[in-house]
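S.K.: Can you read through this structure? Questions will come right after.
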Amino acid sequence: MRRFLLIAVPYLWLVALFLIPFLIVLKISLSDIALARPPYMPQLDLSAGWEGIRSFFAALDFENFRFLTTDDLYWKAYLSSLQIALISTLLTLLVGYPIAYAMARSAPEWRPTLLMLVILPFWTSFLIRVYAWMGILANEGLLNQFLLWLGVINEPLTILNTNTAVYIGIVYTYLPFMILPIYSALERMDDSLLEAAEDLGCSRMSAFWLVTIPLSKNGIIAGCFLVFIPVIGEFVIPSLLGGSGTLMIGKVLWEEFFSNRDWPVASAVAVILLLILVIPIILFQRNEQKQREAEG
Amino acid sequence: MRRFSWFNATALTLGFAFLYVPMIILVVYSFNESKLVTVWAGFSTQWYGELIRNEEFLNAAWVTIKVAVMSSTIATVLGTMAAYVLVRAGRFSGRTLFSGMIYAPLVMPEVITGLSLLLLFIGIGLDRGVLTIVLAHTTFSMCYVSVVVSSRLVSFDQSLEEAALDLGCSPFEAFRLVTLPIIAPAVISGWLLAFTLSLDDLVIASFTTGPSATTLPIKIFSAVRLGVSPEINALSTIMIAIVTVGVITASLVTKQAAVRQARDERMAERPA
């Protein structure tokens with residue numbers, strides 16, 4: 001009885017507040033927009049019995065999904081989200097790898113402090129960390145003032161409200177997710193392997209490419225997925241740092257829902273976003289499992 | 001000993017400068033006298049004064065803290081139960097679905113979670129406000145709690161629990177007297193994680209709230225959309241200060257607890 005309750009309580013909670021809501025999204029994505037409350041139809045009318053259920057299912061169709069393929073705003077937004085996620089993942093890797101590497105090479109007594117310094121921003125409000133860049137990147141912002149003062153540029157650069165600002169924001173906020181898995185892979189690495197490679201005639205550079213990088217491969221893969229997957233659906237960064245030209249699907253979904261109040265289309269956008277995410281999520285979990293098996 | 005290299009020193013300096021300079025600038029400019037955030041006009045604490053007098057922000061802060069305390073507490077109970085089920089309950093029908101539902105919210109885009117919960121609340125006719133945000137936050141943060149707690153449950157020696165049962169404890173007593181003290185640091189960090197996730201959340205709260213409840217992130221977001229303002233800098237500084245003190249204290253406390261626990265477990269294994 002106790003075991004049953006222990007399983008049933010969290011189970012039912014997740015079914016009610018995680019699984020069922022998805023089924024509702026799926027159902028509404030097949031409905032039509034209506035000028036009513038709630039603004040979609042058909043409504044399931046259980047009082048009409050079987051007839052009600054039959055006519056309810058008969059009225060569901062894939063029209064919203066067809067609409068998504070005809071209006072090029074949507075597939076452009078999906079593609080541009082994937083592109084932004086891909087480029088910013090690579091940028092985060094380029095910035096994060098040297099930091100993780102230097103942390104793993106630092107004196108052991110320093111490592112807990114360095115680790116703490118990487119984790120600390122993660123506990124600070126995401127919104128505030130994005131906001132911090134608005135004052136820096138603005139036309140009259142500190143970065144432009146600094147560059148003008150240095151004499152590198154004569155006119156302020158437009159960075160805020162462009163994709164460049166979005167990339168900076170993503171690299172900045174997601175950096176800890178990249179550093180931590182790479183660091184934990186590099187920290188476990190046996191130094192004698194590097195010495196062996198150098199003894200056998202490798203230069204330090206080629207020892208790095210032939211030994212260090214392959215041994216940190218799992219950390220790199222994990223870090224890349226941890227950045228890539230959430231960035232695809234990102235909303236805060238493109239809406240605060242991006243401009244009208246920044247097209248990301250999280251923002252499109254938000255506007256479809258809050259501004260256009262087209263719930264069925266917003267639901268269809270969500271369903272397709274989920275289908276896109278399923279592939280990287282499965283690949284990520286497979287990588288994690290392989291790693292666990294290799295360790296255990 | 002490892003060679004000290006200029007490359008590593010440069011990577012660390014630039015890396016941490018990149019992580020911390022924007023926040024330092026944010027804090028410094030919260031003490032700026034000028035309304036323009038980018039022009040330094042002298043030291044002043046006036047924005048903190050305006051912030052304290054701003055009732056909308058205070059109300060929002062109060063709602064946010066209420067939501068965070070309630071949701072993280074329920075999430076810690078449910079998440080610890082879920083972790084126990086994942087690690088200890090063995091096979092039961094629907095186990096795959098269960099672990100899927102634990103891990104899926106961790107990678108789910110917030111816009112989808114928010115949208116789906118909102119559609120549920122409207123579907124069952126629940127008035128949107130504090131209650132619906134608490135339900136939403138509990139759901140995604142219980143998954144984080146269960147991941148943190150289950151990693152501790154996996155690593156701890158099950159024979160301690162079995163010994164308690166052999167010595168006449170009921171399963172619940174064994175949990176309360178043996179398991180809970182051992183996993184307590186993980187439960188506490190799970191609670192803290194759930195608490196900060198709730199404090200932080202903009203997207204899910206925006207979807208699931210109604211006109212009666214505005215949280216701080218929603219308030220900040222709508223203010224920030226119009227541009228940079230020194231009041232928001234002051235608010236950010238206060239939040240950064242609280243988090244910094246909290247994280248450092250928590251890490252010191254859990255470190256001490258971990259050291260003590262490792263010693264206790266060793267002593268239990270090897271009687272003198």
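The values are calculated or read from the model by the stated rules, or taken from the named source; none is laboratory data. Note that the structure is predicted; figures quoted are calculated from it, not measured. Don't worry about glycine lacking a Cβ; one is built from the backbone with ideal geometry, like all the others, and counts go over all protein chains shown. These accessible areas exclude ligands, DNA and RNA; they are computed on the full protein's heavy atoms, side chains included. Shrake-Rupley method; radii C 1.70, N 1.55, O 1.52, S 1.80 Å.
S.K.: Where only protein heavy atoms count, and the probe is 1.4 Å, what is the accessible area per residue for the range B:55-227 in Å²?
M.R.: 40 Å²
S.K.: Which order do the peptides B:71-82, A:132-143, A:111-122 take when ranked by the mean count of other beta-carbon atoms within 10 Å per residue, highest first?
M.R.: So the peptides B:71-82, A:132-143, A:111-122, ranked by packing, come out B:71-82, A:132-143, A:111-122.
S.K.: Provide the gained length on full extension for the span B:Leu177 to B:Thr45, in nm with one decimal, where the gain is 0.36 nm per separating residue minus the Cα-Cα distance.
M.R.: Difference between extended and current length: 42.5 nm.
S.K.: Label points 7 Å out from Cα along the Cβ direction at B:Ser212 and A:Ile53: separation in nm?
M.R.: 3.5 nm
S.K.: On to the next question. Rounded, prolate or oblate, given the Cα gyration tensor of chain B, with a/c below 1.5 counting as rounded?
M.R.: Details: a/c = 2.30, a/b = 1.40, b/c = 1.65.
Judged from the Cα gyration tensor, chain B comes out oblate (a/c at least 1.5, b/c at or above a/b).
S.K.: If you don't mind, there's one more thing I want to ask. Please give me, ordered by residue number, the trypsin sites (Lys or Arg not before Pro) of the range B:205-272 that lie in loop per DSSP and have at most 15 other Cβ atoms within 10 Å.
M.R.: Filter output for the range B:205-272: B:Arg225.
S.K.: Related question: So if I place +1 on the C-beta of Lys and Arg and -1 on the C-beta of Asp and Glu, and nothing else carries charge, what would the dipole magnitude of chain B be about its Cα centre? I want it in debye, nearest 20.
M.R.: Dipole size: approximately 520 debye.
S.K.: Accessible area of B:Asp166, 1.4 Å probe, to the nearest 10 Å²?
M.R.: 130 Å²
S.K.: Work out the mean other chain Cβ neighbour count within 10 Å for the residues of B:90-101 and drop it here as an integer.
M.R.: Mean shielding by partner chains, rounded to a whole number: 3.
S.K.: Continuing with the same structure: Any idea of the accessible area per residue across the range A:110-229, 1.4 Å probe, to the nearest Å²?
M.R.: Values: 5600 Å² over 120 residues.
That works out to 47 Å² per residue.
S.K.: Amide H of A:Asp32: which non-local residues (sequence gap of 5 or more, or other chain) have their own amide H closer than 5 Å, using H built in the peptide plane?
M.R.: Answer set, sorted by chain and number: A:Met41.
S.K.: Between B and A, buried accessible area summed over both sides at probe 1.4 Å, in Å² to the nearest 100?
M.R.: Summed over both sides, the interface buries about 7500 Å².
S.K.: Which FRET efficiency value, to the nearest 0.05, do you get for A:Leu210 and B:Lys66 by plugging their Cβ-Cβ distance into 1/(1 + (r/R0)^6) with R0 = 56 Å?
M.R.: Efficiency at R0 = 56 Å is approximately 0.50.
S.K.: Which of the peptides B:138-149, A:259-270 is most tightly packed, and how do the rest follow, judged by the mean count of other Cβ atoms within 10 Å per residue?
M.R.: In decreasing order of mean packing, B:138-149, A:259-270 become B:138-149, A:259-270.
S.K.: Run the accessible area of chain A with a 1.4 Å probe and give the carbon-and-sulfur part as a rounded percent.
M.R.: For chain A, the apolar C and S fraction of the accessible surface comes to 67 percent.
S.K.: Quick check: pseudo-label points 7 Å beyond the Cα along Cα→Cβ at A:Ile153 and B:Ala258, how many nm apart are they?
M.R.: Those two pseudo-labels are separated by 4.3 nm.
S.K.: List the trypsin sites (Lys or Arg not before Pro) in the range B:41-107 that DSSP assigns to loop (not H, G, I, E or B) and whose Cβ has at most 16 other Cβ atoms within 10 Å. Which are they? Write down the numbers at each step before the final one.
M.R.: Details: sites: B:Arg53, B:Lys66, B:Arg88, B:Arg91, B:Arg95; in loops: B:Arg91.
For trypsin sites (Lys or Arg not before Pro) across the range B:41-107 that sit outside H, G, I, E and B with at most 16 neighbouring Cβ atoms in 10 Å, the list reads B:Arg91.
S.K.: What would the Debye equation give as log₁₀ I(q)/I(0) for chain A at q = 0.10, 0.13 Å⁻¹, counting only Cα atoms as equal point scatterers?
M.R.: Log10 I(q)/I(0), no solvent term: -0.77, -1.09.
S.K.: In peptide A:134-145, how many Cβ atoms from other protein chains are near each Cβ within 10 Å, on average? Write out the running numbers ahead of the final one.
M.R.: Details: counts 7, 13, 7, 1, 4, 1, 4, 4, 7, 1, 1, 2.
Mean shielding by partner chains, rounded to a whole number: 4.
S.K.: Rounded if a/c is under 1.5, else prolate if a/b beats b/c, else oblate: with a ≥ b ≥ c from the C-alpha gyration tensor eigenvalues square-rooted, which is the protein assembly as shown?
M.R.: Rounded is the answer for the protein assembly as shown, as its axis ratio a/c remains below 1.5.
S.K.: Another question, then. Over chain B, what percent of the accessible surface lies on carbon and sulfur atoms, probe 1.4 Å?
M.R.: 67 percent
S.K.: Can you give the relative contact order of the range A:71-295 as a percent, counting alpha carbon pairs under 8 Å and 6+ residues apart? Don't skip to the end; give the middle numbers.
M.R.: Numbers: 235 pairs, mean separation 63.3, N = 225.
Relative contact order for the range A:71-295 comes out at 28 percent.
S.K.: Any idea of B:Trp191's accessible area? Nearest 10 Å², probe 1.4 Å.
M.R.: 80 Å²
S.K.: Using Cα centres only, tell me the gap between the range B:242-264 and the range A:183-229 in whole Å.
M.R.: Going from one Cα centre to the other spans 31 Å.
S.K.: Testing the spin-label approximation: label points 7 Å from Cα along Cα→Cβ at A:Gln43 and A:Trp110. State their distance in nm.
M.R.: Between A:Gln43 and A:Trp110, the simple spin-label model gives 6.6 nm.
S.K.: At 222 nm, what value in deg cm²/dmol follows for the protein assembly as shown if DSSP H runs of at least 4 each add -39500 (n - 2.57) and the sum is divided by all its residues, to the nearest 500?
M.R.: -24500 deg cm²/dmol
S.K.: Give the calculated FRET efficiency between B:Tyr20 and A:Val9 to the nearest 0.05, with a Förster radius of 41 Å applied to their Cβ-Cβ distance.
M.R.: E(calc), rounded to 0.05, equals 0.45.
S.K.: Using a 10 Å cut-off around each Cβ of peptide B:198-205, what is the average number of partner chain Cβ atoms that fall inside?
M.R.: So the per-residue partner count for this stretch is 3.
S.K.: Over all alpha-carbon pairs in the range B:139-272, figure out the percentage whose distance exceeds 26 Å.
M.R.: Working: 3971 of 8911 pairs.
Cα-Cα pairs in the range B:139-272 separated by more than 26 Å: 45 percent.
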